[in-house]
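Here's the structure we're looking at; comments come further down.
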Amino acid sequence: MKEGIDFSTYLSEYEFGAPYEVEHRESGMNNTTRIIASGQERYVLRIYNNHKDAGIVRLEHEVLAALQQQKPPFRVPIPVRNKRGDTVCTAGDGTLSALFQYIEGDRPNPENPAHVLALGRTAALLTAALGRINPAGKPLYSPYYELESTYEAMDEHAFLSIADRSEAFAARRNRFLYLQKERLSLRAECEAVSRLPKQWIHGDLVFNNTVSQGDDIIGVLDFEFSTIDVRAMELAVVIVDLLKPDDPACGMKVKRLLEGYHESFRLTGEEIMMLPVLMKLRLLDVALHFAVRLRDGLDGEEVLCGIMDQTLFGCGWINENWEDVRR
């Protein structure tokens, strides 16, 4: 088996109507994902690599069920029940997994203007739908504006000392210093952020977590990080996904995304004014998340180097260009 994973350990938990085959697909940083073909049926197996907390997975499934009841104009994953009637499986070593019905389609392309517009519209429709749900479970992930308490162990000293670990990090020392300065400035803004309207959000809505058919977005995936946060954070996360150092057209894409969003949902003036702070919170959260993963030996240093470069560009772009976009 690739990666030394015995997928039968996880799939033996389910009743399939025909012999199954495991198809490779690209996995994210936090999970191992495979397409499972059984006769005419297809499923998605997700093995959680980032944690062994069944409560997080059960809450994700509760959010999905509540969202499904809203009948949104896009599909969301539907968990499959195992032989015991549960939607969460636990392997002998505590590793968690879940099986979902497959959503047929492709990943949207940020180079397709129709996909950018559609993703903005989908983010707005998702915000509206999640604003109407009320799951019994309590959020298990902290909101982005609690950045400092979330990453208390990755404080200024721990973060800046990463620059001493290797030549590649030493070459980025000024980037560590710049981002730490941005982090300190965000600290003063978080109280104001915490007063913005709150609701359930997806928390990680990006191109790779959606499904397209033609020019339309027809599915939203990976609700693992759903939590209660300020609602404008959903839009901030999507915007940040467009900020790429090697893309001179990212500003035009951001404007098109906002056009699609505002067709279907209107934020308050205060929320719009706070968007650059929310975007930076997302950027710094990702950088600190991967700094922790490096500390814990989950990634090689090249991963954090790439994240640092991306985060520096994103913060710089916001400082230099956001006022033009807002106008």
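Figures for the structure shown
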{"read-out": "Residues that are among the polar types (S, T, N, Q) and either outside any loop (DSSP other than H, G, I, E, B) or buried (at least 17 other Cβ atoms within 10 Å of the Cβ) (or both), drawn from the range 132-162", "value": "Ser149, Thr150, Ser161"}
{"read-out": "Complete set of residues in the range 57-97 that are farther than 29 Å from Ser264 by Cβ, out of contact with any helix residue (DSSP H, G or I) (no Cβ under 7 Å at 6 or more places or on another chain) and not in a loop (DSSP other than H, G, I, E, B)", "value": "Val57, Arg58"}
{"read-out": "Wholly within the range 224-304, helices (runs of 4 or more DSSP H) carrying at least 1 residues that are exposed (fewer than 15 other Cβ atoms within 10 Å of the Cβ) and either in the same structural domain as Arg58 (by TED's automatic domain parsing) or among the small types (Gly, Ala, Ser) (or both)", "value": "269-295"}
{"read-out": "Residue within the range 122-131 that is at pLDDT 95 or above, surrounded by fewer than 18 Cβ atoms within 10 Å (Cβ to Cβ) and of a type outside the set (Val, Ile, Thr) present", "value": "yes"}
{"read-out": "Close pairs from the range 121-135: first without any contact (Cβ under 8 Å) to a residue 40 or more places away in the chain, partner of a type in the set (A, V, I, L, M, F, W, C) and in a loop (DSSP other than H, G, I, E, B), Cβ under 7 Å, at least 6 apart", "value": "none"}
{"read-out": "The range 244-296 - residue that is basic (Lys, Arg) and under 17 Å from the mean Cα position of the chain (by Cα) and, of those, farthest from Gly316 (Cα to Cα)", "value": "Arg293"}
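The values are calculated or read from the model by the stated rules, or taken from the named source; none is laboratory data. Keep in mind that what you see is a predicted model, and the values were worked out from it rather than measured. Cβ atoms come from the backbone with ideal geometry, glycine included; neighbour counts cover every protein chain shown.
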